[in-house]
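Comments concern the structure below.
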């Protein structure tokens, strides 16, 4: 049937009119015929409103997608509007019971497209606005519009990173971007290797695998039995993914040795050397050291150069976990905090954290070429045929522990195009300025106590709020126990009122404290002021 | 500056008028001043057209996003249009050199938003249309419109699966959907556990980790040294991710024992039992068996019940890798091919393959509750605070080997709502009907030879095309060598002409053959006819 024929257009007009009449009736009628109308409506929807690839599906598809976009743009508008709440909190059982008809259960029969749109609206309504200028809860915050457009395009292209054959443009973008990142790390001519992985934890896991392959390649075929007892070292403040990797990869968490830190959460190099010597004395083989560039809680930067000296001395792999702090490499003002990173054998760097790229976007960079391939390749004939017409060195999928791999590069590449390197630098400098503003605002403010002294190295500002009722209590167990409950209570009230969100946790012997982090480009000084006042308002009477 | 002030509104009016005047002039003028106007325009864009969160960024943001959507919907229209090519092939060096101004290099300075839109168009132009009705190259094909809308929403929500706190709706959706999948697998009341992971390879890796934890929990803390020599079993036709997992997790690929298959690619249970006995005789401990439900190349279903008998007899973990074939569980007509799946200890099932969900969407299902948590949890205080105001058993992030975890559930949940269980069933039945159609069309067709006899179990149809020049050659090395080159040559021509795409590979001692797979709901019999004729057209003179 030709789309342009008058006959067809008339048919479309009639069915569309009937559709809207049905929808209108359904909303207005409150009598017995409602059920009948509903049946007719669903039947109609099912038969006539089919999306592509259905015959004549183009019109309904475009209409449907535009309605979805309308919902999304309205959400985006509100996300940046400070008069909107960050979240509309409900307990799990409330959402499961189905608030205002929002039914999470799946059923055998299809729902109408109208209902699908309602489901989309409800999903956003009961979610959390991670792009809101007052959402400070996570290391990944914000909603970059160009990055978002990149994600929309990525899902529309819906392809897979394993071969050049089916992702030619994305594979090249990944390669160029990784090279650029390696140049910024400081490896000569950006030489080396790397891959985008589904998050920092997997990137860190890659680093341990590659280190093992470098020193004990036979583990790949013979297993851990082929190696002596290997030990790994990381800061007591480091991310738990290093521990997860040591469990998963067969090292065992007991063979991950935690390093002491100074008051600011930075590894003490002498402690590393002492523990390396101790391990060797026991006959173990020190294999791998993580230096964290930006710890999760304190935002501390381990002294990479001093750690690198020890790694060289004892022939150990040096991995820099810059999942959180790697972004600072983009800033001429702050990159000195990662001095020595160019001496690392591998680096984790998550653009989805400090650089505001939508989730997920994490890179593992490796200084020595070929290791990633050697460690992971299995040469599956059904995926990586050597007899293709193009240069198959671009089929990089066999480097990965994944087979299918989501396209994480495009949004990042597009943001880089739109902001330029200077744009990322401005963003990072601004976030660090904001955290300095917060630090200066509260360091001597009544009722606030800093968890560690001195200006934070990253945007992490860690502090206790002391309600008036606790201020006169002497230091001791009672004060500790009561203070431990303050942050959770304030956080709960914050979530119930939906005004802002910030994280808290204990650390070592320190009771629950707030950890403020700033990575959202939408945040301003007024939002910092708001947070401080909100904590005071909610916590005053505790 | 107050947005509502008359002064401000007047300014906006003036600058907007100037903007549109510039844009209009740029499109109309074909004289020397065009360059000047363009410079003015980009300067203007750069200064004034800042996106949110910039002040007054709402208007430019909405305009920009709508232009992106215009590009995407135009791409979608063409994707379903058979007169459009599947791809516009270029070699890596051509794309790297920058075709028609498409510059992949990143720079320090920002590009204008106009240029960003051009970059988006170019990215799609030089990519591959995986949703095209004639793209048969991969197990994941097609472009489901509701799934796509789900992905757009997911990226707009831009959150993370680790806690209920920041992803309340998505966490519950994941829980309900996993339960539903477990019910369909056949576990009583859908009991058990599971998680969505970044692809089938990682899901399979989870299964090996959990099996090891179940039988040798001390490996988590003490490493592989705490276990005896463990061996794993999988089909010689199984996916290479099992091999990758055995290397990564410290078992070693030599401790992965490959099982012989019958002519159709199905594991021979007696071979499993013989190899288990042999391993035990050597003092090794048989730990884990994968039964593949839908192998990558042949689409074979291993006999799960017979394998389960052996697993029970020798106390081994049974994992069913249904990454590709799991979807058949949705079909009353075809689910018998997975008979016995309810006896598995774990199941991988990728909705992003046979069920047409956009990439990535893969589930690992586990029959015994608590193992996933026990195996992977590290109880990081900064992420999983026990003293929250809601039921923290919904904070499921510590089950994962990841920390940040992309929201893969929403698109799947939304598609299930829109299609109903019956919709997935229809999709699967239709794809299998189409592959039967292809099989019947070519099994006795001149110039075609099947790789194995009988109707395929899945949508995989494996065949050689024999060009006329080879038809009279006697079976032997010369014929084999020449035949080996036929599929790559046809594939190369196919890609150069961009008309269709289908995969090829060798398998064991079989030379390169085509592997046709159908998972795209847009494909019809006419597309199958087209493929067959295209292969004949391109291969006739080889």
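Here, each number is a calculation from the coordinates, and none is a lab measurement. Nothing here was measured: the structure is a model prediction, and the numbers come from that model. Note: ideal-geometry Cβ built from the backbone for every residue, glycine included; neighbour counts use all protein chains shown.
In table form, for the structure just shown:
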{"quantity": "Relative contact order of chain B, pairs being alpha-carbon contacts under 8 Å that are 6 or more residues apart, as %", "calculated": "17"}
{"quantity": "Over segment A:440-542, equivalent-ellipsoid semi-axes from the Cα gyration tensor in Å", "calculated": "21, 16, 13"}
{"quantity": "Cα convex hull of segment B:94-152, projected area averaged across orientations, nm²", "calculated": "6.1"}
{"quantity": "Which of A:295, A:500 has the fewest Cβ neighbours within 10 Å, and the rest in rising order", "calculated": "A:500, A:295"}
{"quantity": "C-alpha long axis of helix A:145-157 to longest principal axis of chain A, angle in °", "calculated": "70"}
{"quantity": "Closest approach to the axis - chain B beta-carbon, rotation onto A, Å", "calculated": "B:250, 1"}
{"quantity": "Inter-centroid distance (Cα atoms) of segment B:259-306 relative to segment B:458-502, Å", "calculated": "31"}
{"quantity": "Shielding by partners - mean other protein chain Cβ count within 10 Å, residues of B:373-379", "calculated": "3"}
{"quantity": "For residues of B:170-180, the mean tally of beta carbons on other chains within 10 Å", "calculated": "3"}
{"quantity": "Between segment A:189-255 and segment B:106-169, the alpha-carbon center distance in angstrom", "calculated": "31"}
{"quantity": "Normalised contact order of segment A:160-406, rounded percent, pairs of Cα under 8 Å and 6 or more residues apart", "calculated": "25"}
{"quantity": "Relative contact order for segment A:319-457, counting Cα pairs under 8 Å that sit 6 or more residues apart, in percent", "calculated": "23"}
{"quantity": "Helix-only CD estimate at 222 nm, as mean residue ellipticity for chain A, using -39500 (n - 2.57) per DSSP H run (n ≥ 4)", "calculated": "-14500 deg cm²/dmol"}
{"quantity": "Pairs of Cα atoms farther than 44 Å apart, the protein assembly as shown, %", "calculated": "35"}
{"quantity": "Nearest-first distances (nm) between copies at residue A:103, label 7 Å from Cα via Cβ", "calculated": "5.5"}
{"quantity": "Approximate spin-label separation residue A:236-residue B:444, in nm, with each point projected 7 Å along Cα-to-Cβ", "calculated": "7.9"}
{"quantity": "Whole-Å semi-axes of chain B's equivalent ellipsoid (Cα gyration tensor)", "calculated": "46, 35, 20"}
{"quantity": "Segment A:49-141: equivalent-ellipsoid semi-axes (sqrt of 5 x gyration tensor eigenvalues, Cα, Å)", "calculated": "29, 19, 10"}
{"quantity": "Label 7 Å beyond Cα on the Cβ vector: residue A:333 copy-to-copy distances, nm", "calculated": "6.6"}
{"quantity": "Ratio of the Cα radius of gyration of segment B:366-447 to 2.2 N^0.38 Å, where N counts its residues", "calculated": "1.88"}
{"quantity": "Neighbouring partner chain Cβ atoms per residue of A:410-420, average, 10 Å criterion", "calculated": "5"}
{"quantity": "Span from the segment A:399-431 Cα centroid across to the segment A:350-374 one, whole angstrom", "calculated": "10"}
{"quantity": "Crossing angle, helix B:409-442 versus chain B [Cα axis fit, 0-90 degrees, rounded to tens]", "calculated": "60"}
{"quantity": "Copy-to-copy label separations for residue B:374, where each label sits 7 Å from Cα toward Cβ, in nm and ascending", "calculated": "3.9"}
{"quantity": "Against the rule of thumb 2.2 N^0.38 Å, how large the Cα Rg of segment A:403-494 comes out", "calculated": "1.62"}
{"quantity": "With Cα atoms, 0 to 90° folded angle of helix B:168-185 axis to chain B main axis", "calculated": "30"}
{"quantity": "Convex hull (Cα only) mean projected area of segment B:193-368, reported in nm² to one decimal", "calculated": "9.5"}
